[in-house]
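Comments concern the structure below.
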Ligand code: 4NP
């Protein structure tokens, strides 16, 4: 059997923020929903974590879950902290903001690990590209809704990037 580009792709993606209860679970949920709807779930493994220990074992913030639920996305992830072995286990380590990115790069050993760390919104198209995903923790429901919109937009750009890079047709 000749492998198509698609059958060779199994892309492991880790979304990272500080607490793993607001932005990165929202991104994990939005990206998982997107690949399910587009029929690309079999090509990816998706997870999220935080750089801190603050909320280990907790479900996502109730405001994050409520915002996702309104879009038909159920968040069941429990917070965990980033660990060194994540550098080996994931292909893309997507930081929600520059502070997370800096913390991750400080943990990396060598160029190969460092190169896996990207600012998530680098993949977004149009306005907001290369910005931080704003931390909504001390904000209002409106801030959580804005985060949902941002991580959904950036997910579209990231999916397109990975599919193009691997020669998968994006219908
Ligand atoms: P996240 O938001 O990094 O998007 O999960 C935060 C959650 C908790 C805290 C800060 C940011 N905290 O300081 O506890």
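Within segment 50-67, track down each residue that is assigned to a helix (DSSP H, G or I) and within 12 Å of the ligand (Cβ to nearest atom). Answer for segment 50-67, where residues must be assigned to a helix (DSSP H, G or I) and within 12 Å of the ligand (Cβ to nearest atom): 63, 64.
Return the residue satisfying two criteria in turn: it lies in segment 11-25 and is in contact (Cβ under 8 Å) with a residue 60 or more places away in the chain and under 8 Å from the mean Cα position of the chain (by Cα), and of such residues it is nearest to the ligand (Cβ to nearest atom). Filtering segment 11-25 for residues that are in contact (Cβ under 8 Å) with a residue 60 or more places away in the chain and under 8 Å from the mean Cα position of the chain (by Cα), the one nearest to the ligand (Cβ to nearest atom) comes out as 24.
Within segment 30-59, the set of residues being within 19 Å of residue 86 (Cβ to Cβ) and either modelled with pLDDT under 95 or touching a helix residue (DSSP H, G or I) at 6+ places or on another chain (Cβ under 6 Å) (or both) comprises 31, 44, 46, 48, 51. Residues that are surrounded by 19 or more Cβ atoms within 10 Å (Cβ to Cβ) number at least 2 in the following helices (runs of 4 or more DSSP H) confined to segment 68-171: 86-89, 98-107, 141-165. Taking the criterion of being free of Cβ contacts under 8 Å to residues at least 12 places away in the same chain, within 26 Å of residue 81 (Cβ to Cβ) and more than 15 Å from the chain's Cα centre (by Cα), the residues of segment 113-159 that qualify are 114, 115, 138, 139, 143.
The values are calculated or read from the model by the stated rules, or taken from the named source; none is laboratory data. All of these numbers come straight from a predicted model, not from anything done at the bench. Positions of Cβ are backbone-derived with ideal geometry, glycine not excepted, and every protein chain shown enters the neighbour counts.
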